[in-house]
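Since every read-out is calculated from the coordinates, none of them should be taken as a lab result. No experiment lies behind these values; they were computed from the predicted model shown. Cβ sites come from the backbone with ideal geometry, for glycine too, and all protein chains shown count toward neighbours.
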Amino acid sequence: MERTEILSLFKNTPADGTEITVCGWAKNIRDSKNIGFIALSDGGCFKTLQVVLEAGKLANYDEVIHTGLYSSLRVKGKLVLTPQAKQPFELNADSVEILGDCPADEYPLQKKKMSMEYLRTMPTLRPRTNTFNAAFRVRSVAAYAIHKFFQERDFIYVHTPLITGSDCEGAGEMFQVTTLDLNNVPKTEDGKVLKSSTIFFRDEDGEPSAIFAINYDTTLFVTMQEVLKGFTALTDAPDPNPETIPHNVTDLLDELIEQSVRIVGKPVALMSKEDKVKAIGFLNDSGAFLVTKSGQKVCNYFGISKYTLYSYMDEAKRAAGQE
């Protein structure tokens, strides 16, 4: 029997008793002794299809009712119109085939409240949650409406080369807008950071005839940037004296951050990815992330996102042989 999409059932509902086959993921499973219910979604629409299971009709009832959430299923049965209920119709299952089981102890999405920070660590799975599912659908409709408005008025859509300094959810780790090797920044013998500017001179035929290059020391600019950060920071600067005994967890966290910088041996502005991984590893081993809201403070200090922070923590663990 040909598969029927769930969206088509809501757009053009078949007659009562029509036999159909649907496929999708189980977003909710409830068991009531001899009768079970599954909220099935195939991703075609926000609404789910309620599937009714009867223990006396299905030989694999126990297996189906105890399968994990988001397991993929193929269901064959009769469509039953229910105008008196919340849903306009439901599917009375004659057979249920488990196409792919999803063990509850292995799959990260479960039927419970999950924070946005936790969902951001799973960009490939979060569209399956109701919040992101709804948000992406609204954005899709809004984007289509905007494009349709301008296309009907003969506008041309052009992709502009937008470059931003924002590091959203680890995007800064995906690419860099420079040919400079950031892990091997050009320096002088005494450790000063160099930046180069080059100008090409061309002859009458447009061919390069000369090159004028300037190398200048940016170490003072980097240092000044760190000093200005200290003046403009919203929190009090940590005590530079390592002998000072912290009086609260905030002071302790500041001291641990300063220790991580001293261990690396260079200011944050000059740190490479490997340097930051080393610093984050020290903070993790020192128990810094046991302090409430410490993750956000560390992210702000090192100029990284929470997604990047978790990634650095994993790299530090692997480097230390803990995983």
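Go ahead and run the numbers for FRET between residue 66 and residue 211, Cβ-Cβ distance against an R0 of 56 Å, rounding to 0.05.
About 0.20, to the nearest 0.05.
For residue 125 and residue 150, FRET efficiency with R0 = 45 Å and r from the beta-carbon atoms, rounded to 0.05?
0.85
Compute the length gained on full extension between residue 249 and residue 8: take 0.36 nm times their separation in residues and subtract their Cα-Cα distance, giving the result in nm to one decimal.
81.1 nm is the gain from fully extending residue 249 to residue 8.
Where does each of 101, 203, 62 land when they are ranked from fewest to most other beta-carbon atoms within 10 angstrom?
Starting with the residue having the fewest Cβ neighbours, the order is 203, 62, 101.
Please work out the C-alpha center-to-center distance from segment 250-285 to segment 17-84 and express it in whole Å.
52
Per the Kirkwood definition applied to all pairs of different Cα atoms, how many angstroms is the hydrodynamic radius of segment 1-129?
Its Kirkwood hydrodynamic radius stands at 15.4 Å.
Provide Rg and Dmax in Å for segment 266-323, with only Cα atoms included in the calculation.
Gyration radius and largest Cα-Cα distance of segment 266-323: 10.7, 30 Å.
Given 0.36 nm per residue, what is the gain on full extension from residue 106 to residue 306 after removing their alpha carbon distance, in nm?
69.7 nm
So for segment 63-130, considering every pair of alpha-carbon atoms, how many percent are separated by more than 14 Å?
Result for the distance tail: 69 percent.
Under a no-solvent Debye model with one identical scatterer per Cα of segment 1-77, what's log10 I(q)/I(0) at q = 0.12, 0.17, 0.19 Å⁻¹?
With no solvent term, the Cα-only Debye profile gives -0.32, -0.65, -0.81.
Over 19 Å between Cα atoms: which of 276/317; 111/297; 27/112; 273/317; 11/86; 27/111 fall into that group?
Cα-Cα > 19 Å for 111/297; rest within.
Expected output is a single nm value to one decimal: the length gained when fully extending between residue 95 and residue 138, i.e. 0.36 nm times separation in residues minus the C-alpha distance. What is it?
Gain on extension, residue 95 to residue 138, equals 12.0 nm.
So how many Å³ per residue does the convex hull of the Cα atoms of segment 116-164 work out to?
Dividing the Cα hull volume of segment 116-164 by its residues yields 108 Å³.
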